[in-house]
Every structure is written in C-alpha cells, then in structure tokens.
Amino acid sequence: MSFIRNSLPGSLWVALLIAPPTSAQDAFYGQNQAEASPVRFFAGVGLANIKAGEYVYQGDYKVSQLDWESKGVKTGTIGAELELGYKWRLKGRLDVGLGGNGHMVDRDWLLPSIDDWTHQSIHPDTGLDRYINLLIEADRSLINTGSSRVALGGGIGFTDVKWTARGGSYIYSTFSLHDTVGNFADGEKGISYEQRIPTLFLSANAEQSLGRFTLSGTARGGASVGFKGIDDHWMRDLRFTDDILFAPMVGATVTADYQLLANTSLYVSGDFQKVFTARGDSTVRDTNTGATAEFDDAGKGDFQSIALSVGVKGSF
C-alpha cells in the first residue's frame with residue numbers, strides 16, 4: 001500500500017480527496033436501512049372493511065346465520081421494527097378502529113322441511129363498538145444484499161371485534177311462511193356480537209429497494225387457536241358463547257415506501273386477513289337466572305378484514 005501511495009502524483013491525490021461519490025443519490029438513499037437504523041417506527045391512518053359470520057347448528061342442519069359487516073372503518077396504526085442481530089428482525093403492529101357503522105342480517109331456518117329461511121331480521125343501525133388488531137412477528141433473513149431481503153419467520157396475532165345491532169325490521173313465519181312483518185323500536189338494542197381471535201402463524205417476507213422506493217410483502221399462514229364468539233340477545237336475556245379450538249387462517253401485507261429524508265419515509269400499505277369457517281361447542285346462559293346449557297359442535301364462526309393505510313416511517 002505504501003508503494004501505491006508513493007507512486008501516485010500529488011495532483012491525483014487531491015482529485016481523489018475532493019471527488020464526490022459516483023452517485024450522490026445512491027450514497028444517500030441506497031444505504032440499507034435495516035443495517036443503518038436498528039430501530040424503526042411507523043404511524044398511519046386508514047380505512048378497513050370488516051366482516052364476520054356467526055352460525056348455529058343442530059347436527060349438520062344450519063339453524064341460524066348472522067352476517068355482520070362494517071365498511072370504510074377509520075383506523076389508526078402504530079408499529080415498530082427492531083434489528084436484533086444475527087439476521088433476526090422483530091416487528092409489531094397495532095391497528096385500532098376509530099369508530100364506524102355496520103350492517104347485520106339475521107336468518108333462521110326453523111323448519112327442515114322448507115328450503116327457504118323462516119325468520120329474518122335486518123339491522124341497518126348496527127354500530128362497530130370495537131376493533132383491535134395486533135401482530136407480533138420475528139423473522140430471520142435468508143438473503144440480504146442490502147437492497148434485497150428474503151426472510152422466513154413466524155408470530156402471533158390477536159383480533160377483537162364487536163358490533164351491536166339496534167332497531168331494524170323483521171319477517172317471521174307464524175302461521176305460514178313469511179306471514180308476519182314488522183319493525184323493532186328505533187334504537188332498541190337487539191343483539192351484540194364479539195369475536196376474540198388469537199392466532200399463530202408462519203410467515204415469508206420479501207423486500208426490494210430501488211433508489212428511494214422500497215416494496216415489501218409478507219405472506220402469513222396458520223390458525224386461530226381458541227377462537228371465541230360471544231353473542232348477547234338482549235331482548236331474550238340470553239348469552240351464547242362459542243368456543244372454537246382450531247380455525248385455519250391466512251394473511252398478507254404489501255407495503256410501498258418512498259424515502260423523503262435519510263430517516264423519514266412515507267408509506268402506503270394494504271393488509272388482508274381471513275379466518276376460515278370452523279366449528280366448536282356452544283354454551284347458552286340465561287343472564288337473569290344464570291342457568292346454562294351446553295351443546296357440542298353447535299357453533300361456527302369466521303372473520304375477514306381488508307385494510308388500506310398511509311403514514312410516515314422514522315428510524316434512529
């Protein structure tokens with residue numbers, strides 16, 4: 001090295017000292033943020049469409065189905081990523097519903113000899129009482145070139161969603177099919193339904209950076225273990241609780257980042273989650289007397305959410 005230094009002309013040494021990088025943009029934006037910034041955080045707002053199904057069975061015969069749905073739910077999101085070393089990364093995200101309306105349709109099939117439903121109620125005045133979605137994931141990179149990263153991992157999740165239906169209209173079958181039509185009092189509380197969904201999943205992650213842009217995606221597959229559905233029929237003073245031990249789930253997240261400054265980016269993210277229909281035992285309790293009854297394999301449930309969010313990312 002001393003021979004090389006001594007053999008260079010003095011004017012060439014001056015040129016090397018003052019010469020800029022080949023590309024200033026590559027030097028500023030092309031740096032791998034995972035290596036430069038061990039802690040990153042993000043916050044954003046968005047919209048989500050959420051729906052859930054609630055089913056009651058007697059053996060293989062479906063007695064009842066309630067379809068709950070909310071569209072355009074305003075959400076707030078916060079999260080963080082931490083580089084742990086040894087190629088490991090820890091990620092967490094929390095989505096919270098900021099209020100929203102919904103819609104519910106309740107149908108019963110009380111006469112097995114008739115293919116059509118016998119009872120139906122429709123509840124446009126359905127409020128989304130709560131929506132919380134939490135994901136915690138760890139992954140380890142298999143490929144990490146600085147601009148590209150591929151990793152495998154796994155994690156846990158938890159979703160809690162609850163609606164309350166008020167008022168609405170009904171069509172019942174008293175003496176003949178669909179012969180009784182009427183309306184519930186406006187604002188009268190009819191049915192509340194809550195789903196508590198813990199999940200375990202494996203994940204595959206990919207990330208590609210090009211200049212200021214970074215595109216990343218995550219695919220998740222696993223199951224809900226201990227899915228619980230809680231239904232309160234307020235007019236009948238009854239609570240139905242479904243305990244579903246195992247329900248398959250899938251999920252995916254795609255995010256595009258645009259780097260504004262060395263430690264600040266804007267992002268757009270889309271997220272999908274689906275818990276497939278699964279069956280479990282049901283318990284019915286009279287909320288006035290406390291009397292209970294249990295029914296094996298009488299309840300089913302499912303859940304789905306699609307969300308889009310925008311926000312800012314920072315690192316330090």
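Read-outs: derived from the displayed coordinates by stated rules, not from any lab. Note that the coordinates shown come from a computational prediction; the quantities given were computed from them, not determined experimentally. Neighbour counts run over all protein chains shown; Cβ positions are idealised from the backbone, glycine included.
Of the residues making up region 201-229, those that are buried (at least 18 other Cβ atoms within 10 Å of the Cβ) and of a type in the set (S, T, Y) are S203, S209, T214, T218, S224. For region 108-136, the candidate set comprises residues that are part of a strand (DSSP E or B) and more than 16 Å from K51 (Cα to Cα); within that set, the residue that is farthest from the chain's Cα centre (by Cα) is H119. Residue check: F227 meets all listed conditions (1) closer than 30 Å to G168 by Cβ; (2) free of Cβ contacts under 8 Å to residues at least 12 places away in the same chain; (3) not hydroxyl-bearing (S, T, Y) but one, namely (2). Looking across region 258-295 at every residue that is surrounded by 15 or more Cβ atoms within 10 Å (Cβ to Cβ) and in contact with a helix residue (DSSP H, G or I) (Cβ under 9 Å, 6 or more places away or on another chain), the one that is farthest from K313 (Cα to Cα) is identified as Q259.
When each of A256, A247 is tested for being farther than 17 Å from K228 by Cβ and assigned to a strand (DSSP E or B), the lone residue that passes is A256. Among the residues of region 59-75, are any among the aromatic types (F, W, Y), within 21 Å of the chain's Cα centre (by Cα) and crowded, with 17+ Cβ neighbours inside 10 Å? Among the residues of region 59-75, at least one is among the aromatic types (F, W, Y), within 21 Å of the chain's Cα centre (by Cα) and crowded, with 17+ Cβ neighbours inside 10 Å, which makes the answer yes. Restricting attention to region 202-224, the residues that are among the hydrophobic types (A, V, I, L, M, F, W, C), touching a residue at least 60 places away in the same chain (Cβ under 8 Å) and within 24 Å of W88 (Cβ to Cβ) add up to 0. Meeting the requirement of 1 or more residues that are charged (D, E, K, R), the strands (runs of 3 or more DSSP E) wholly within region 160-227 are 189-210.
Which of the residues belonging to region 251-279 are out of contact with any Phe, Trp or Tyr (no Cβ under 8 Å at 6 or more places or on another chain) and within 24 Å of T199 (Cβ to Cβ)? Full working, then the answer.
Going through region 251-279, the residues out of contact with any Phe, Trp or Tyr (no Cβ under 8 Å at 6 or more places or on another chain) turn out to be 254, 260-261, 264, 268-272, 276.
Within region 251-279, V254, S269, G270, D271, F272, F276 qualify.
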